[in-house]
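Notes to accompany the following structure.
Nothing in this text is a laboratory measurement; each read-out follows from the coordinates by a stated rule. Here the structure is a predicted model, which is why all the values come from computation and not from measurement. As a convention, Cβ positions derive from the backbone with ideal geometry for all residues, glycine included, and neighbour counts pool all protein chains shown.
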Amino acid sequence: MNLWTFAKKHKGMVAFGFCTTFFVGIGQTFLVAQFSPFIQQGLSISRTDISFVYSLATFIASFNLTYIGSLLDRTSLLKYFFLVATLICAGLITLSQATNIAALFVGFYLLRGFGQVPLGLMATTVAARWFGKHRGKLLTLIGFGRSLSEGVLPLLSIVFIESFGWRNSLLGIMGVFLLVMVPVALIFIPKTPKTALYEENVKTADKEQAVWGWRKALNHKWPMLLMINNALIPFILTALFFQQDSLAQFKGWSMKTMAQSFVAFSAVHICGNIFWGPLVDKITAKKVLPFTLIPFLLGLLSLYYIDASWGAFIYMGLVGLSVGVSGIVRNAFWAEVYGILVLGKMKGMDSNVIVVGTSLAPIFYAKFLDFGAGVEEILQVFIVLTILGIGNHFFISRHYNR
């Protein structure tokens, strides 16, 4: 079954997943970063102050994710959606009314804790759990929502902020979220599958009954190594996106160019996913895993060496390619290796590690600058980390493909 035949057959699930992953952008750094300079100005705080609050809120929020992920293994999707949606709206309202550091922290905590990962877990967990050997196709199709979000939301946020101010723009985003997602949830969630629709492309039954938790993951070493490696792209991109004003200044690019380059990020992400999803279905996520960081390395090298403004588009396109394939592989991998019965828990643990990484990124970058290091040195560190990550991926893949 090709990608488009599959899309027509499961158009309801595709529509639900697309909308869900689109609005995951509400809690992502690529959107929050557009508001960051205006929040700094409005609250009269420094770059280090907002980086610290953002990092701390993200770090604390990360500890929700294992529990939130486990809810998907034992509660209805509709209840889960309304819980998450309520907390996202609370975060947007709190942030829009923030006048001090405490309120800023609460707003960031709610957005990062519930807008970044838990919303997207709904669709990706259903896809990975019930669509077997075709999960890669569905993950590709619903991933288009996230890709479109990356291209559209940064540009729209700048337009909204210039027209209505940053506080009203946050409330406007909440209104759009509710107008779209509440009907989508009420229409499509009751129609999501409750049992497997397709057979698996790998044998997982012998591992489905395992009870996984942090102690077991640490004892087995391999899942923890992979979770740490999975956090590398989010860690680096969170740092670069959140502090994109200093990056733009270093490269001599305008903030408008930086915002426009997200279109390349989104476009390549979408086009790449059309290839990666069916490939994962054909040869399994375990075999694609070692190659996911290679475009990312090329993107960082482009950022480091190319000073012309078109370099921003090359850099963003290449990292977008890696973001796309890593997301598909990560979601399919846990189902292939550890089975569907503990899928929500495994994905929640994985997300926990990723969000801890993203929580450290903004303050890591800001402190590097405060201590006198330049953007050039930071990029060198990121390039070395990516090379080490590629080696680690080959090491992990060799173990799981025995």
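Miscellaneous remarks
- Relative contact order %, the chain, counting alpha carbon pairs below 8 Å whose residues are six or more apart: 28
- Using alpha-carbon coordinates, inclination of helix 375-400 to the longest axis of the chain, degrees: 10
- If you plug the beta carbon distance of Q249 and L197 into 1/(1 + (r/R0)^6) with R0 = 60 Å, you get a FRET efficiency near 0.75.
- Counting charges near F250 (Lys, Arg +1; Asp, Glu -1) among other residues having Cβ under 13 Å from its Cβ returns a value of -3.
- Between the stretch 41-87 and the stretch 228-276, the alpha-carbon center distance in angstrom: 22
- Cβ-defined net charge surrounding L232, 15 Å radius [Lys, Arg +1; Asp, Glu -1]: 0
- With Cα atoms, 0 to 90° folded angle of helix 101-110 axis to the chain main axis: 20
- Tensor-based shape of the stretch 261-303 (alpha-carbon gyration tensor, a/c under 1.5 rounded, otherwise prolate or oblate): oblate
- Here r is the Cβ-Cβ distance between S46 and L385 and R0 is 41 Å; the resulting FRET efficiency, rounded to 0.05, is 0.95.
- The angle separating the long axis of helix 310-338 from the principal Cα axis of greatest extent in the chain is about 30 degrees.
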